[in-house]
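Inspection log for the structure reproduced underneath, given as structure tokens.
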There are 2 protein chains.
Amino acid sequence: MAVPIALFSAQFSTPLLTNSLPSSPVLKRFSCSSSVPMEHYSDNRQLKFEEFPYVSVPHKELMVELVSTLENRLGTSLLPCTLPSDVQYFENQTGTAHGSLYVRSGNSASQVDFILGSWVHCNLPTGGALNITSLSAYLRPSTDAPNFLIEVICSSPTTLILILDLPPRKDLVQHPDYLKTFYEDTQLDKQRQLLGKLPEVKPYFSSSLYIRAVVSPSAILFSVETEPTQPIQIDELIRDHISPVAKVMLDTWLDLCACAERRLTDDESKTVAKRDRINRNKTIEIDLESSFPRLFGQEVANRVLGVLREIYNS
Amino acid sequence: MAVPIALFSAQFSTPLLTNSLPSSPVLKRFSCSSSVPMEHYSDNRQLKFEEFPYVSVPHKELMVELVSTLENRLGTSLLPCTLPSDVQYFENQTGTAHGSLYVRSGNSASQVDFILGSWVHCNLPTGGALNITSLSAYLRPSTDAPNFLIEVICSSPTTLILILDLPPRKDLVQHPDYLKTFYEDTQLDKQRQLLGKLPEVKPYFSSSLYIRAVVSPSAILFSVETEPTQPIQIDELIRDHISPVAKVMLDTWLDLCACAERRLTDDESKTVAKRDRINRNKTIEIDLESSFPRLFGQEVANRVLGVLREIYNS
């Protein structure tokens, strides 16, 4: 399939917007500016999710490849996207913030609940722009296997935040066998180490403790800062280092989580469903409910968040 | 009380010994060398826990102050230490590795299950020494409040690893109210940030994913490396930065966890007890069972680990 699917990671986008950077000069960069003209895509047409506009070529190629891999592998078990067009694409009144959401649910026989992709572009008062792209996949309580998540946040040509993980769906302290199956035996931490040894890369701490608690112990949470005189480095880093790691992580998720069976008892399935529900509601609350109105205005935020809440709780 | 109590953090000591550094040249430093003479404490007397021998003055002062604070505050609710003398102090056959363990249980009315302190000293083939000091406090299932843990590992005069946390006793993803009470409202992350902004300090990742999963999202997990020409810096760092942070963490734990009531239903209490049991057994297994025989020989390891297992499962 050529059509990629990306999702707005309700899990992570907004802590980065609302929590990581607020109350500081950096926050201002995340209030969308109306003073910066949109040089491209100014024809007011409905930008499509799969276009990944505004981001660099390596950044777009990364996201397109991940979405394609996910769609190709899951094939017809995914239903078509039925989001309203004004949720598939939305912008603020002044046209300085743009967003796209894409959701495909799994069919009734699939372990996949839905996959969700997104991009957000927002002009910054400094003259630059904030670009967030994300892709997540959520499984049903018929399995307790981890979900998948990637989010790439660029707030300048020389900085990047990467969140890449298979977030667990059980308490790992109580379930060391689950930790072994999905994290130790898969050696996912080696992927984290591969990126972590690059000199431009530093551990990233979300300001939301809930988000920190949601991710796995081998989660890739990195911030990257390159020399301003060499902005090409971020693109090289995406192409040569982040892309290969992201592909390994997604392949692992597809093989071991989405396409492998886990036999749960009814009680186990109910426990997983309960944890999923709390997690989804909490992450929408702390992630999106404060930042989306600020980025897109209350009306657009209500529309998009209303649809997201339905998807998360269906 | 003048007698300090420290405990061998079964939670954390050994991953550092067995997992962080093995299969590498660094591992050799953690096999106790018999080629380096013990210049001090060579009279073969029973070294006491509260002496904290071998470590620097600021390091010792830190541990003594924490132990004293804990004992003074908990007072008579702690029973005397009844460990056999050959568990309170032990060494390997060649006298190159020394360890001390100290445990005091809470009385029947106390929420404190036990407090556990330890130090380990081990000569390194390079001529230096490894010193680990730790102090933990474990609560009973009558409360679900977090435990307390500090561990300081020095493998040279210019390097240090610090583990300082209130490890949660519930799954934080399922219990955001618990996260709010013990971690968000207490602003413990500010303490982490205070240390994290020092240029010598870097995030530390235990090679054990289980250990990473056990700690809280505001856990202080740092490695410190100063310039070899200025070894005084580590001591300054302990005195001026680590000590104040550790005191705040311990005071928070005493006020909010050890000395405050949480009313649990029987079911909640059973759930906490089950999680505690799994956690304790798992951490002894992955932490101590491989490193203790290597450090102290099988006989000493069996003796000390046997006592620890009894304490953890009583």
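So A:PHE292 clears everything in (1) surrounded by 15 or more Cβ atoms within 10 Å (Cβ to Cβ); (2) more than 10 Å from chain B (Cβ to nearest Cβ); (3) within 30 Å of B:LYS202 (Cα to Cα) except one condition, right? Which one? Of (1) surrounded by 15 or more Cβ atoms within 10 Å (Cβ to Cβ); (2) more than 10 Å from chain B (Cβ to nearest Cβ); (3) within 30 Å of B:LYS202 (Cα to Cα), only one is false for A:PHE292: (3).
Checked against (1) within 20 Å of the chain's Cα centre (by Cα); (2) open to solvent by 10 Å² or more (accessible area, probe 1.4 Å), B:GLY75 meets all criteria but (1).
The rows are residues; the columns are (1) part of a loop (DSSP other than H, G, I, E, B); (2) touching a strand residue (DSSP E or B) at 6+ places or on another chain (Cβ under 8 Å); (3) modelled with pLDDT under 95; (4) closer than 30 Å to A:GLN233 by Cα.
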| site | (1), (2), (3), (4) |
| --- | --- |
| A:PHE30 | yes, yes, yes, yes |
| A:SER34 | yes, yes, yes, yes |
| A:MET38 | yes, yes, yes, yes |
| A:HIS59 | no, yes, no, yes |
| A:LEU66 | no, yes, no, yes |
| A:ILE115 | no, yes, no, no |
| A:PRO125 | yes, no, yes, yes |
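Quick check on the stretch B:178-201: of everything there that is among the charged types (D, E, K, R) and either part of a strand (DSSP E or B) or more than 10 Å from chain A (Cβ to nearest Cβ) (or both), which residue is nearest to B:VAL248 (Cα to Cα)?
Within the stretch B:178-201, the first condition is being among the charged types (D, E, K, R), and the residues that meet it are B:180, B:184-185, B:189-190, B:192, B:197, B:200.
The next check asks that each one be either part of a strand (DSSP E or B) or more than 10 Å from chain A (Cβ to nearest Cβ) (or both); those that pass are B:185, B:190, B:197, B:200.
Numbers: B:ASP185: 14, B:LYS190: 11, B:LYS197: 18, B:GLU200: 21 Å.
Per the criteria, the residue is B:LYS190.
Entry remark, the stretch B:298-307: residues being open to solvent by 10 Å² or more (accessible area, probe 1.4 Å) and in contact with a strand residue (DSSP E or B) (Cβ under 9 Å, 6 or more places away or on another chain) number 3 in total. Being assigned to a strand (DSSP E or B) and open to solvent by 10 Å² or more (accessible area, probe 1.4 Å) is a property that holds for B:ARG104. Taking the stretch A:263-288 as the search range and keeping residues that are at pLDDT below 95 and more than 14 Å from chain B (Cβ to nearest Cβ), which one is nearest to the chain's Cα centre (by Cα)? Step by step, filter the stretch A:263-288, then rank; the result is A:LEU288. Per the conditions (1) within 17 Å of B:VAL103 (Cβ to Cβ); (2) touching a helix residue (DSSP H, G or I) at 6+ places or on another chain (Cβ under 8 Å); (3) of a type in the set (A, V, I, L, M); (4) open to solvent by 10 Å² or more (accessible area, probe 1.4 Å), the sole criterion not satisfied by B:ILE311 is (2).
The values are calculated or read from the model by the stated rules, or taken from the named source; none is laboratory data. Just so you know, these numbers come straight off a predicted model, no measurement behind them. Every residue, glycine among them, receives a Cβ derived from its backbone with ideal geometry; neighbour counts consider all protein chains shown. Note: accessible area is taken over every heavy atom of the protein model, side chains too, but ligands, DNA and RNA are not part of it. Shrake-Rupley method; radii C 1.70, N 1.55, O 1.52, S 1.80 Å.
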